[in-house]
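S.K.: Below is a structure I'd like to ask you about.
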Amino acid sequence: MYLDHFGLREAPFRITPHTEFFFAGGNRGSTLDALIYAITHDEGIVKVSGEVGSGKTMLCRMVLERLPENVETVYLANPSLSRDEILFAIAEELGMPLPEDRTRLLLRSLQERLIEIYGAGKQVVVLIDEAHAMPSESLEEIRLLSNLESNRHKLLQIVLFGQPELDARLAQNDMRQLKERITHNFALEPLKRTDIASYLMFRMRAAGYHGPDLFTPQAIQMISKASEGLTRRINILADKALLAAFSQGTHQIDQKEAKAAIRDAQFKPMADGTAKPRTWIIAALLLMAVAIGAAGATLLLSHNGQGTPTSPAPPTAANPAPLPDTPTSPAQAASPAPDPVVPGPAGKVSAQTSASLSVEERIAASADWIATSRGNRYFIQLLNVESAAINEVDNFLTEHAASLDAQQLRVYRSSLSGKERIGVIYGDFASREQANAAVNALPSELRDGRPHVRSVSKLR
C-alpha cells in the first residue's frame, strides 16, 4: 500500500523470515558464523535459545543455506513428535528403506545409514525447531541419538532451537545427561536501541529505499521500548508506523506515527522482562572467532562496508500477516525451471480436472512425477497427516484450490512411525533458492502452516 510513497520495491518489515533481510548487527552475524563453525567442527549438541520473535527461525534458515555442500540437513519443525516418530522422520529424510520390525531394527538401520553417509565424506545435521515444546521422552531420544558414532567420530550433529523455557527444562534433574552433552550454547539477545536504529534503516535499504533516515530519535526510542528489542515486534511496529505516515501524507516517522503504531499493536510486556545482554555470550563469540581464525576457516557470511549481507539465503514462514502489495503470486513463483526429465501424462493435473479428483486419484496422478523427476529437484511441503485424516487433505485441497496452480499441486502416500501418512506438496524447482522464494509468495494462511522446502531425493 505504501511502497510507492516511500520508493520501495517490496515490503521492508514482513515478519516472514526473508533471509535477504538478515541483519548482521546486534551480534547476529557473529552468532551465525560461530554456529556454523560449531556445527562443522565439533561433536557435541548445539543449543540456540531466544525469546518469541527474537529471530531464531531466521537464524535457522541462514544456517540451512550457509552450511557446506558436504553437510546433509534434516529439519524437524514439529516438536510434538514421539521418540519413535523422530527416528522415522530422520530415516525418511535420509531416504532409508524402513525395516518391517521397525521398533527393534530402525535404530540399527539408521546407524548403518549414517556410517554409509560418513564413509562418503558427508556429515548429517539435524536441526530441531521449537525444542522447548518436545516431550521428555523425545528429548531423551535426542540424547541417545547423539551417542551414534563410528570408531572415531560422531555420526550425527544435533542443533536445538528453542525459547528460554528450554534452558529451564534442561536444568531439571532428569535432563542432566542431555544437558552435559551440549557443548555450545548460543542466545539471541534483544536488540539494543542503537542496533534498532541501524536495523530499521538496513531493512528499508534492503527493500529499495534511497532517501534520508525516516525514523526520528524519538520514534526509535518509543519503538525500542514497546518492542523490548524483539525483531518481530520491531517489524510490526515499523510497518504500522509507515502505514500511519502514508495515511498522513508525510515521509517521516516521528512520535505521532510511532504512538499510532504502538496503540494499534497492543503489545503486552514480556512476563519476566527481556534479558539484558550477557557478557559471557560476547566472550564466547570472541573465543569462537579466534578459533575460526586459528583453524583457517572461511567465514560463510560476506558483508559490504555497511555490514549488509551480500548473498541471499532461504526463508520460511513464521506467522505472517497478509501482504496485499506482494508483487509475486504463488502461481508465478512456482513456475518450474525446464526439467530434462519430462513427466508422463499423470505427472500433472490440469486446472479443469483438478477440482473433480479424489485424494486417491491425486496420489495416482502424482506418482509419475515422483518416480521420474531428478533427485536434485525441490518442492514445498504444505501438509503431512496420517492417512486416517484423508478428509483433512481433501478439505485442504478444496480450500486452497483457487490460490494454487493445480499443475504444481501433488499428493503422495508414505509410511512414518509405523503409520501410513498422506502428504501434499507444491511446485517443481531447479534449486532450493527458487523454492524458498516461492514459500514467501504463498498466501499468509498457507505460510501459517510453516511449509518447508524438501528435495525429491529425500521424498523418495
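Values in this text are rule-based calculations from the coordinates and carry no lab data. Remember, predicted model here, so these are calculated numbers, not experimental data. All Cβ positions, glycine included, derive from the backbone under ideal geometry; neighbour counts span all protein chains shown.
S.K.: For the pair residue 122 and residue 171, what calculated FRET efficiency results from E = 1/(1 + (r/R0)^6), where r is the Cβ-Cβ distance and R0 = 45 Å, to the nearest 0.05?
M.R.: It comes to 0.85.
S.K.: If the reach is capped at under 20 angstrom between alpha carbons, list the aspartates and glutamates near residue 256, excluding any in the same chain fewer than eight residues apart.
M.R.: Filter leaves 213, 228, 239, 264.
S.K.: OK, next. Stretched out fully, how many nm does the piece from residue 372 to residue 20 gain, at 0.36 nm a residue minus the Cα gap?
M.R.: 123.4 nm
S.K.: Could you work out the pair-distance distribution P(r) of the stretch 399-460 from its alpha-carbon pairs, with 10 angstrom bin width and percents rounded to whole numbers?
M.R.: The calculated distribution, bin by bin, is 17, 52, 27, 3.
S.K.: Report, in listed order, any pair from 56/458; 47/192; 47/122; 154/192; 56/192 with a Cα-Cα distance greater than 27 Å.
M.R.: 154/192
S.K.: Ok, one more. Using a Förster radius of 35 Å, what is the FRET efficiency between residue 221 and residue 181 based on their Cβ-Cβ separation? Nearest 0.05, please.
M.R.: Once rounded, the FRET efficiency stands at 0.25.
S.K.: Which order, highest average first, do 261-270, 187-196 follow once you tally other Cβ atoms within 10 Å for each residue and take the mean per peptide? Spell out each step's value before the answer.
M.R.: Values: 261-270: 13.3, 187-196: 20.3.
Averaged packing, sorted descending, gives the order 187-196, 261-270.
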